[in-house]
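So the structure is just underneath, and the comments pick up after that.
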Ligand SMILES: Nc1ncnc2c1ncn2[C@@H]1O[C@H](COP(=O)(O)OP(=O)(O)OP(=O)(O)O)[C@@H](O)[C@H]1O
Ligand SMILES: [Mg+2]
């Protein structure tokens, strides 16, 4: 039984095909990294998994349950998401960002929600920032609150959509460290990221997506050292050229 | 239009330094007078004091026309009359304005009890209508943005119908068109002393509906300026759409709406004078009646203009204060938005 199984998913916006016959599966504790050029459909794929976007055809299973048979709010509770632009609730403190879901979705009593929130803030190294508003935090701190917010809902799977690409280089490390810790603790993660270091150290599988199709998929060593396809090679070459 | 209006609102609200102290002193005097008058003639308070054995402290028994002025109206009038008959050789250029000033003071003092009653009713009509209007405006704005094709169109039709027709026409519709006043008078609560008269209730109904449409527009614009990613983030945590709107979009959007809301408040303060046309004895109607009794139309409208100004400035200052109070770093500072 796979934790996540994506089968022959198609998705188009108008007459623009964004995802084309995408299939793959993830086991519990897998860390899947998706790479691909801009516009290749990486974000769309993630958003299909928690139904922020609906697929046109195919099927997606979470723990062998088709996600469209689940209540969408319940699905999203079980699939956390971390955004490129952090998307913290701007009117709530770091703590409030975490407790909102705990209180409204999990319906925890207030004290319990606060205690849990502080716990997760501690885990991402922000124990002393509970009372700060997002605008008072650095990008790296905001993103770690974003991770804590998703984590606190106790999800089966975490989706990351380029979690570090909006950050200044010196702030990326803190976020990657948290993600690495999560991977080590056995969190199942589906990450769109172009941080090759993270992919090498944490990923169980890397998938190269191009024009909505999976071009190549395999363990990081294989994909980075011996890619089967020229396109993969060319793209990864471009990526490392950037760094 | 909103932009210009916003700046105007904040300019009145933000006064600094020495000027601010004069403002606060004049405002303090004004509100002391208004509230003292209200308390002095309040039936409920009088009843309370009577019950504890102080029957004659407050005078809720006096009709507005029977109330004695708290300022020496006769003395002002006397000074004006004396100056006019015997200027003692001082140039008319000085005497005439002085005479006018004392006549104005006499009129103000004479009409003070009636004006206090009117001003209080104006505040009452406006505050209640804004308050009730808000409870229509928020759902209307939310429905307009997030509703389905039918419900959002109903909301649009509502706001456009109300904003597209004159307020006076709406007032007449409720007062003369629907037999609303008679209907309201039929309720036994209306016989409880201290209740506003049926016409005032009709005015509140009309103003509530009218202001709800304008408030809905301000709130809609404010909600739309909330980053849509905020609702997406709420939903990705597992909150339903309604929960996301309630806990994420509204708390941010309503903060953005405060400047527009202040505007609507100020407009309604002034437009509530239209209630005079359906016999509600608010500030403007009191002034008009005094004008027709004394024929000093210019003077009484000048005085009443100053009273409206005091109300408007108070509103702007309070709303400014509210805005600063609920400000959160990164949210609700209209200047630093987008
Ligand atoms: N809501 C939408 N409506 C219409 N077209 C969309 C929508 N979302 C995405 N697209 C289109 O789908 C394609 C894939 O977008 P997507 O955001 O999934 O790419 P991506 O791989 O995440 O790119 P990037 O690296 O730039 O984030 C793009 O061409 C985009 O224009
Ligand atoms: Mg993307």
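Each reported figure results from applying straightforward, stated rules to the coordinates on display, with no laboratory input. As the structure is a prediction and not an experimental result, all values here were calculated from the model. Because the Cβ atoms are built from the backbone with ideal geometry, glycine has one as well, and the counts that use them run over all protein chains shown.
In chain A, helical runs assigned H by DSSP with n ≥ 4 each contribute -39500 (n - 2.57); averaged across all residues and rounded to the nearest 500, the mean residue ellipticity at 222 nm is -12000 deg cm²/dmol. Once you treat every alpha carbon in segment B:116-263 as an equal point and sum by Debye, what is log10 I(q)/I(0) at q = 0.11, 0.12, 0.13 Å⁻¹? Values, matching the q order: -0.52, -0.60, -0.68. For q values of 0.14, 0.16, 0.28, 0.34 Å⁻¹, compute log₁₀ I(q)/I(0) with the Debye formula on a Cα-only model of segment A:83-122, without solvent. For segment A:83-122 at q = 0.14, 0.16, 0.28, 0.34 Å⁻¹, log10 I(q)/I(0) is -0.29, -0.38, -0.94, -1.12. Averaging 1/r over every pair of different alpha carbons in chain A and inverting the result gives a Kirkwood radius of 18.4 Å. A crude spin-label estimate for the pair residue A:180 and residue A:115, with each label 7 Å from Cα along the Cβ direction, gives 3.3 nm. Rounded, prolate or oblate: which one fits segment A:52-173, using the alpha carbon gyration tensor with axes a ≥ b ≥ c (rounded when a/c is under 1.5, else prolate when a/b beats b/c, else oblate)? Oblate.
Spherically averaged projected area of the convex hull of Cα atoms, segment A:122-183: 4.3 nm². Compared with the dominant Cα axis of chain A, that is its longest principal axis, helix A:230-242 is turned about 40°. Measure nothing fancy, just the Cα-based angle from helix B:283-294's long axis to the longest principal axis of chain B, in degrees from 0 to 90, nearest 10. That helix lies at roughly 20 degrees to the long axis. Normalised by residue number, the volume inside the convex hull of the Cα atoms of the protein assembly as shown is 230 Å³ per residue.
Peptide B:241-254 shows a mean partner chain C-beta count of 3 within 10 Å per residue C-beta. Mean per-residue shielding of peptide B:224-236 is 5, counting Cβ atoms of other chains within 10 Å of each Cβ. Estimated from helical segments only, the mean residue ellipticity of chain B at 222 nm is -24500 deg cm²/dmol, where each DSSP H run of four or more residues counts as -39500 (n - 2.57). In summary, segment A:139-243 shows an alpha-carbon radius of gyration equal to 1.11 times the 2.2 N^0.38 Å reference for compact globular proteins.
Between helix B:297-325 and chain B there is an angle of about 40 degrees, using the helix long axis and the longest principal axis of the Cα atoms.
Summarising the strand pairing of segment A:106-238, around 55 percent of its internal DSSP beta bridges are antiparallel. A Gaussian network model of chain B, with springs between Cα atoms under 10 Å, assigns the largest mean-square fluctuation among B:289, B:82, B:320 to B:82. Averaging 1/r across all pairs of distinct Cα atoms in chain B and inverting the result yields a Kirkwood radius of 22.8 Å. Length gained on full extension, residue B:20 to residue B:74: 16.1 nm, using 0.36 nm per residue less the C-alpha separation.
Protection proxy ranking for A:179-187, A:159-167, using the average of other Cβ atoms within 10 Å per residue and placing the highest first: A:159-167, A:179-187.
Based on DSSP, what percent of beta bridges with both residues in the protein assembly as shown are antiparallel, to the nearest 5? Given both bridge residues lie in the protein assembly as shown, the antiparallel proportion sits at roughly 55 percent.
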